[in-house]
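Data block below; observations after.
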Amino acid sequence: MRSLLLSLCFLSAPFLVFAQSDLQPIPALSGRVIDTTGTLDAAQQRALDIKLSTFEKAKGSQIVVLMVPTTQPEDIVAYTQRVSDLWKIGRKDIGDGLLLVVAKNDRVVRIATAKTLEGAIPDLAASQVIDRAITPRFRDGNFAGGLSAGIDQITDLISGEKLPDPATADRGVQREPGFQWLDLAVLLFVAVPFAARLLSALMGRKLGSLVTGAAIGALAWLLSASLVVGVLAGMAGMVFALASLLASGGRSTGWGSGTGGYGGVRGSGGFGAGGFSSGGGGNFGGGGASGKW
């Protein structure tokens, strides 16, 4: 029996792959308003984006609008779920994302909420937003107006929910261990070569490397509140300082010959780089509603 089941799975695999490849592609998460149909002009997209961005900064919740020609062969519920699984919008550990998906040629729209927003926007409320604000304007060809009116009602509903303040969430992120290790990496690869060359000119190569390592260890201890991390970072800093001096022949070549700037380490994607990215929330459990026009 087991061999029969394995044989059936093996024989059906090519058909499953073919079925998956026939699904509509999911566009990259490039902004808060993504229109692959060419319906919205630049000014309309910008106005919607400003509205969503302003709300996100004030409340924290991420809302993304996606317009596609069709979701076929899937229905809009299945397609939206795939999008939410891939994009994972909403704040991490809070999960307050919302997707508004419009399949223009199918004449259907869906509001999908992440778990945390299901209380603020239950299925009935999502259906009312679609029926009263969005689809009446869509029937008149006013897609920008329908989306704007729908967003206004959605943000009003979310504003009534008690969610963590964005500033509080940001402070929590700054204390995550990942950011401490990033600071240590900056110290090792940027500050150490500079400090080692400066101190070696004043104290000699060996003593300069020793003092550099001790300083790195002390800073690492302060950043991590861990003596073990401080000792390990100090040893690494001393070795790295000595290695950088040997590689440069012990000459002080100045800050410009270092391995990049501090901003190059920090500016990797996300809001800090001036763009938009997912908060990593995810966890869309099927809440929301769909409607036709």
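The values are calculated or read from the model by the stated rules, or taken from the named source; none is laboratory data. If you're wondering where the values come from, they're calculated on a predicted model, not measured in any experiment. Cβ coordinates were reconstructed from backbone atoms using ideal geometry, including for glycine residues, and neighbour counts include every protein chain displayed. Heads up: the accessible areas ignore ligands, DNA and RNA and are worked out on the full protein's heavy atoms, side chains in. Shrake-Rupley method; radii C 1.70, N 1.55, O 1.52, S 1.80 Å.
Per residue, the accessible area of segment 29-154 comes to 40 Å² when a 1.4 Å probe rolls over the protein heavy atoms.
How do Lys162, Lys59, Lys104, Lys88 stack up against each other in accessible area, from largest to smallest, with a 1.4 angstrom probe? List each step's numbers first, then the result.
Numbers: Lys162 195, Lys59 40, Lys104 65, Lys88 100 Å².
Result, largest first: Lys162, Lys88, Lys104, Lys59.
For Thr36 and Ala58, FRET efficiency with R0 = 25 Å and r from the beta-carbon atoms, rounded to 0.05?
Values: r = 28 Å, r/R0 = 1.14.
Approximately 0.30, to the nearest 0.05.
The three principal axes of the C-alpha atoms in segment 58-175 carry coordinate ranges of 47, 28, 23 Å, sorted with the longest axis first. Given +1 at the Cβ of Lys and Arg, -1 at the Cβ of Asp and Glu and no other charges, the dipole of segment 9-148 around its Cα centre is 400 debye to the nearest 20.
For segment 39-148, carbon and sulfur atoms together expose 51% of the accessible surface, with a 1.4 angstrom probe and every protein chain in place. Solvent exposure of Ser30, expressed as accessible area, is near 90 Å², computed with a probe of 1.4 Å over the protein chains only. Spread over its residues, the convex hull of the C-alpha atoms of segment 71-127 is 73 Å³ per residue.
In this label model, Val239 and Asp165 are separated by 4.5 nm, measuring between points 7 Å along each Cα→Cβ vector.
At 0.36 nm per residue, and after removing the present C-alpha to C-alpha distance, how many nm does the segment from Leu124 to Ala43 gain when stretched out fully? Present the calculation step by step, with values, prior to reporting the outcome.
Numbers: separation 81, 0.36 × 81 = 29.16 nm, distance 3.19 nm.
Length gained between Leu124 and Ala43: 26.0 nm.
The calculated FRET efficiency for Lys206 paired with Ser277, based on their beta-carbon distance and R0 = 51 Å, is about 0.65. Shown is the FRET efficiency for Ile26 and Asp156, computed with R0 = 51 Å from the Cβ-Cβ distance and rounded to the nearest 0.05: 0.95. For the set Arg137, Arg82, Arg46, the ranking by accessible area, highest first and with no ligand, DNA or RNA atoms included, is Arg46, Arg137, Arg82 under a 1.4 Å probe.
Cross-link reach is defined here as a Cα-Cα straight distance under 27 Å, omitting same-chain residues fewer than 8 places apart; for Lys59 the lysines meeting it are Lys51, Lys88, Lys92, Lys115, Lys162. Between Arg132 and Leu86, the simple label model (points 7 Å from Cα in the Cβ direction) yields a spacing of 3.4 nm.
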